[in-house]
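One structure is given below, encoded as structure tokens.
The values are calculated or read from the model by the stated rules, or taken from the named source; none is laboratory data. Here the structure is a predicted model, which is why all the values come from computation and not from measurement. Note that each Cβ is placed from the backbone with ideal geometry, even for glycine, and that neighbours are counted across all protein chains shown. Protein only, heavy atoms only, side chains kept; ligands, DNA and RNA dropped before computing areas. Shrake-Rupley method; radii C 1.70, N 1.55, O 1.52, S 1.80 Å.
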Amino acid sequence: MAEKKGKKMMWDGRFDCGMAQSMIDLSFSLDFDKELLEEDIQGSLGHGKGLVESGVLTKTDYAKIRKGLLGILDDVHAGKNLWLPTDEDVHMAVERVLTDRIGDLGKKIHTGRSRNDQVSTDFKLYMRHRAVEIRALVVELQKNVLDVAKKNFGKIMPGYTHLQQAQPILFSHYMMSLFFALSRDVKRLDNFLDLHVELPLGSGAIAGSAFPYHRQLVAEELGFERPSANSIDAVSHRDMALEFLNDLAIIANTLSRYAEDFVIWSSSEFGYLTLSDAFSSGSSMMPQKKNPDSMELIRGKSGRMLGNYTAMFTLVKGAPLSYSRDLQEDKQPVFDSTHTAKVLLRVMSEAIASARWNFDRMEDRMLPALLATDLADILVEDGVPFRDAHRIVGSLVGEAAKLGEQFTDLSDEAWAAKGVPNPKDVKKRLTFAYSVSRRNIEGGTGANSVKNQFKKAEAILKKELKK
Ligand code: ARG
């Protein structure tokens with residue numbers, strides 16, 4: 001038989017010529033999907049066990065294949081480059097190296113398997129493994145957040161709505177808001193891990209493998225609960241990746257909102273926060289600058305993670321069933337969001353733990369207007385109907401604003417003229433500490449409520465660590 005033109009491929013039995021270079025550039029994925037190497041080898045080891053069980057491989061064959069596969073992994077870990085420019089993707093590359101090393105036996109590992117169910121299996125394993133690692137990083141961040149909240153218990157700061165001073169809050173109350181948001185991020189990952197427990201292997205290309213094969217055994221071998229119920233579903237759907245990217249994008253979004261606050265807080269205008277030098281950068285031109293780049297990058301990268309989620313959705317929405325090569329594009333968004341989520345979590349964790357929180361500055365900045373709601377409440381307690389109380393305080397604040405003063409600076413007479421009974425007594429009660437102390441309702445910023453939040457948080461952490 002005459003040599004065929006172009007690159008020789010593993011699957012080129014029915015082809016007249018090899019692949020054009022441009023097609024290679026378009027379709028080869030080893031450059032990025034080698035990230036699946038560990039899961040690919042793990043998947044093949046599991047698959048091999050299934051083949052032994054069904055009599056396709058002998059135990060001796062399997063032992064040789066196993067040794068070969070683990071050898072590949074060791075070599076790659078040791079920094080050896082085993083790959084050739086003719087290796088199309090990680091799955092073909094592993095099989096090629098295995099066959100080079102152990103001979104024709106290496107070709108048997110693909111019995112009863114298509115790359116469609118192989119890729120789907122590897123990819124699921126990859127996301128399950130990374131979800132566990134990312135979950136641990138979220139929990140680590142929660143621990144740091146709780147720690148900072150506890151250490152600085154009792155400190156007061158202005159709470160904001162519309163980025164305008166709204167009401168006094170405990171700093172710990174603010175920090176605990178991050179803790180509870182993160183606990184939902186952990187739950188989302190737990191749901192994800194609970195849901196995606198089905199093994200694709202055995203599905204073949206689309207119709208299911210024709211070889212007898214103990215799928216339940218392979219499933220358990222690989223940490224899945226059971227075989228997938230439908231082979232078309234198993235090789236086609238990427239809802240697991242969508243969910244993974246969604247969960248990671250939400251984590252990044254959680255971090256991004258706090259990062260934005262921390263950027264604002266670290267400005268000279270606010271000065272509530274001094275990030276450690278280790279999480280800041282200087283300017284190449286302005287020597288005085290110390291910029292909160294860590295927080296800005298968390299904010300920026302969270303945008304890219306949303307982009308990855310959107311890319312995946314766009315990719316799968318019109319892809320016909322079952323497998324189409326479009327699906328090869330599912331990997332990069334997942335790899336990218338995985339790496340990004342990990343680094344964002346590490347940075348946020350370390351930056352929060354090492355930051356200096358400038359409580360004097362926070363107190364300094366607190367405007368009396370933070371107490372306007374409390375004044376209305378006090379008036380209500382003293383028997384003034386709420387609507388009237390609201391109007392009285394509003395007109396006090398308005399009059400003070402016209403004079404360029406704070407409403408608390410207006411004289412007792414002015415307060416009385418607006419309808420405040422016993423201005424002296426009312427003014428005495430009107431303090432930031434009093435405002436906070438009135439809010440021990442569950443979930444409120446009062447000291448007892450916040451202590452209760454610590455308790456809840458500890459119970460949550462305990463549960464999270466048990467899983
Ligand atoms: N590299 C491909 C992917 O990740 C492998 C699957 C190829 N399957 C096929 N039928 N051409 O999707």
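Can you compute the FRET efficiency between residue 429 and residue 220 using 1/(1 + (r/R0)^6), with r the Cβ-Cβ distance and R0 = 60 Å? Round to the nearest 0.05.
0.35
Which whole-number percentage describes the relative contact order of the chain, with Cα contacts under 8 Å and a sequence gap of 6 or more?
Over the chain, the number comes to 15 percent.
Rounded to whole Hz and in sequence order, give me ³J(HN,Hα) for segment 97-104 from the Karplus expression 6.51 cos²θ - 1.76 cosθ + 1.60, θ = phi - 60°, writing x for Gly and Pro.
Using θ = phi - 60°, the values come out as 5, 4, 5, 4, 8, 10, x, 4 Hz.
Just the ratio, please: alpha-carbon radius of gyration of the chain over 2.2 N^0.38 Å, N its number of residues.
Scaled against compact globular proteins, the figure is 1.35.
I'd like to know how segment 352-453 sits against the 2.2 N^0.38 Å rule of thumb: what's its Cα Rg over that expected value?
1.24
Counting only protein heavy atoms and using a 1.4 Å probe, what share of the accessible area of the chain belongs to carbon plus sulfur, as a whole percent?
54
Only loop residues by DSSP count here, and only those with at most 12 other Cβ atoms within 10 Å; note down the trypsin sites (Lys or Arg not before Pro) in segment 83-174 that meet that.
none
Compute, for the chain, the length of the dipole vector about the Cα centre, with Cβ point charges of +1 (Lys, Arg) and -1 (Asp, Glu) only. Units Debye, rounded to 20.
Dipole of the chain, to the nearest 20 debye: 680 debye.
Are any of the pairs 151/342; 402/424; 289/331 more than 28 Å apart by Cα-Cα distance, and if so, which?
Table pairs above 28 Å Cα-Cα are 289/331.
Taking Rh as the Kirkwood radius computed over C-alpha pairs, what is the Stokes-Einstein D of segment 267-373 at 25 °C in a medium of viscosity 0.890 mPa s, expressed in µm² per second?
Diffusion coefficient, whole number: 141 µm²/s.
Looking at the chain, which longest stretch skips every one of the GluC sites (Glu not before Pro) that is in a DSSP loop with at most 10 other Cβ atoms within 10 Å, leaving the sites themselves out?
4-268
May I ask which residue of 322, 447, 71 lies farthest towards the positive end of the charge dipole of the chain, with charges of +1 (Lys, Arg) and -1 (Asp, Glu) on Cβ and the Cα centre as origin?
447
Over segment 274-321, what lengths in whole Å, largest first, do the semi-axes of the equivalent ellipsoid take, defined as the square roots of 5 times the eigenvalues of the alpha-carbon gyration tensor?
Each semi-axis is the square root of five times an eigenvalue, giving 39, 10, 6 Å.
Sticking to Cα atoms, compute the Rg of segment 86-131 to one decimal and its Dmax as the biggest Cα-Cα distance, whole number, in Å.
Cα-based Rg and Dmax for segment 86-131 come out at 12.1, 37 Å.
Determine the sum of side-chain charges near residue 389: Lys and Arg each +1, Asp and Glu each -1, restricted to other residues whose C-beta is under 12 angstrom from that of residue 389.
-2
Highest first, please rank the peptides 272-279, 423-430 by the mean number of other Cβ atoms sitting within 10 Å of their residues.
272-279, 423-430
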